[in-house]
1. Quick one: which of G97, G83, G137, G160 is part of a helix (DSSP H, G or I), without any contact (Cβ under 8 Å) to a residue 24 or more places away in the chain and touching a helix residue (DSSP H, G or I) at 6+ places or on another chain (Cβ under 9 Å)?
2. Can you tell me which residue is surrounded by the most Cβ atoms within 10 Å (Cβ to Cβ) among those in the range 241-261 that are in contact with a Phe, Trp or Tyr (Cβ under 6 Å, 6 or more places away or on another chain) and more than 16 Å from A208 (Cα to Cα)?
3. Show the residue pairs that are 6+ apart or on different chains and have beta-carbon atoms under 8 Å apart, the first residue being within the range 33-53 and under 16 Å from I278 (Cα atoms), the second being modelled with pLDDT of 75 or more and not in a helix (DSSP H, G or I).
4. Considering only the range 205-264, give the helices (runs of 4 or more DSSP H) lying wholly within it that have at least 3 residues that are under 26 Å from A125 (Cα atoms) and out of contact with any Lys or Arg (no Cβ under 7 Å at 6 or more places or on another chain).
5. Got at least one residue in the range 54-73 being open to solvent by 20 Å² or more (accessible area, probe 1.4 Å), of a type in the set (A, V, I, L, M) and either modelled with pLDDT of 80 or more or part of a loop (DSSP other than H, G, I, E, B) (or both)?
6. Taking L276, is it of a type outside the set (S, T, Y), touching a Leu at 6+ places or on another chain (Cβ under 8 Å), open to solvent by 40 Å² or more (accessible area, probe 1.4 Å) and touching a residue at least 12 places away in the same chain (Cβ under 8 Å)?
7. I need the full set of residues from the range 197-214 which are of a type in the set (A, V, I, L, M) and either open to solvent by 30 Å² or more (accessible area, probe 1.4 Å) or without any contact (Cβ under 8 Å) to a residue 12 or more places away in the chain (or both), in order please.
8. Any chance you could count how many residues in the range 283-309 are open to solvent by less than 50 Å² (accessible area, probe 1.4 Å) and under 20 Å from M104 (Cα atoms)?
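The values are calculated or read from the model by the stated rules, or taken from the named source; none is laboratory data. These figures come from a predicted structure and were not determined experimentally. Backbone-built Cβ (ideal geometry, glycine too); neighbour counts: all protein chains shown. Protein only, heavy atoms only, side chains kept; ligands, DNA and RNA dropped before computing areas. Shrake-Rupley method; radii C 1.70, N 1.55, O 1.52, S 1.80 Å.
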Amino acid sequence: MKQIRWFWAPLAMMTAAGLLWKTQEVSDGVREGLARCAAVVIPSLFPFMILAGLISANRVGTVLSRWIARPAGWLIGLPDSLGAVFLMSFVGGYPVGARMLASMLERREIDRDTAAAALCLCVNAGPSFLISAVGAGMFGSRRAGAFLLIAQVCSALVVGRFACCTLRRTHPMTLTADRSNSNGFVHAVQGASAGILGICAFVVAFSAIIALLNALGILQAAARMLGAFFPSLGASFFSAWITGLLEVTSGCTLAASLHTRAGFALCGFLVSFSSLSILLQVKACFPDLPRFCLRPFYLSRLVHGSLTALLSWLFWGLLPPEELAAAIIQGTPIPHAAPNMFISSACLIAMCSILLLPNRKNTGNVNNYA
């Protein structure tokens with residue numbers, strides 16, 4: 001433990017010095033993060049997080065879970081209790097499935113081993129992000145986003161097959177008979193507000209970290225070094241790879257700007273691996289879960305990302321050449337933080353915070369609704 005402390009202490013001091021030295025660049029990174037929250041994160045996630053909260057707190061969740069679990073059980077052996085979580089993890093996006101599993105664990109509908117195993121297949125990018133943001137917005141082709149979605153679903157089913165074997169062998173779970181809640185919508189909105197604040201905080205934090213690394217030249221130096229070892233890929237590819245390992249949206253933007261098969265495959269890897277930002281968001285949903293319980297989830301991200309990258313590489317040949325040519329001519333739209341976007345994103349986050357104020361006053365604990 002002493003060695004770890006000696007490592008983190010100088011790192012914290014150097015980071016503080018870098019923040020003071022590159023204040024303007026870090027501020028621009030924060031603005032970019034806020035703009036990304038307003039343009040991508042909140043519109044694509046917030047409604048689905050409310051829906052997930054309603055499903056978790058209502059009898060409808062029981063019916064939906066059994067209905068989804070029938071075909072999923074035939075394909076990958078999914079238990080009946082996880083049908084709704086499995087569906088919403090694909091429909092809602094990265095943290096939705098994790099938050100639903102955390103709610104089930106808190107209500108003791110599943111145990112921690114089941115939650116840890118289910119995480120391997122219930123953390124996925126949503127279709128709104130893949131088709132609209134990545135496909136249409138970055139590659140200029142909704143078909144490209146649809147292929148990424150198909151690749152991710154197929155690889156998730158492969159990963160889920162192994163994870164569900166563990167679930168069935170050790171912990172067959174049952175559903176609660178009645179989970180109806182007269183205040184379900186209120187609690188769902190409040191819980192989604194708490195969740196979206198945490199997500200936006202991670203996005204903004206990692207945008208600032210990436211901006212600091214770029215300003216200090218660390219990211220470029222690492223990309224050039226890796227590019228020298230793999231000249232066929234180049235430094236631009238590894239710059240997108242390193243950025244995507246930290247924050248998925250920024251990495252996909254850089255990967256799409258390459259306009260190559262390797263860049264498309266890299267996008268496939270990043271959306272399924274999900275980045276360090278998403279991994280920490282998932283970990284934040286399970287504060288009481290022991291560290292060793294999350295190791296299978298971390299390993300599954302590498303397997304899931306690699307399978308999606310392989311399928312994306314193959315799907316690249318199915319994209320019409322005229323669409324790819326048009327995307328190259330038009331260029332990849334790079335999000336930027338205009339002043340009005342900064343103000344609107346700050347207002348959106350402030351409104352989410354207002355929804356939590358009555359809970360703090362009455363209960364003193366926001367996590368009651370998370």
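1. Only one candidate qualifies: G83.
2. That would be A256.
3. Sorted first by the residue in the range 33-53, then by its partner, the pairs are S44/G93; S44/G126; L45/G93; L45/G126.
4. Hits in the range 205-264: 235-246, 248-256.
5. Yes, that holds for at least one residue.
6. For L276, the condition - of a type outside the set (S, T, Y), touching a Leu at 6+ places or on another chain (Cβ under 8 Å), open to solvent by 40 Å² or more (accessible area, probe 1.4 Å) and touching a residue at least 12 places away in the same chain (Cβ under 8 Å) - is met.
7. L197, A201, A205, I209, L213
8. Summing the residues that are open to solvent by less than 50 Å² (accessible area, probe 1.4 Å) and under 20 Å from M104 (Cα atoms) in the range 283-309 gives 7.
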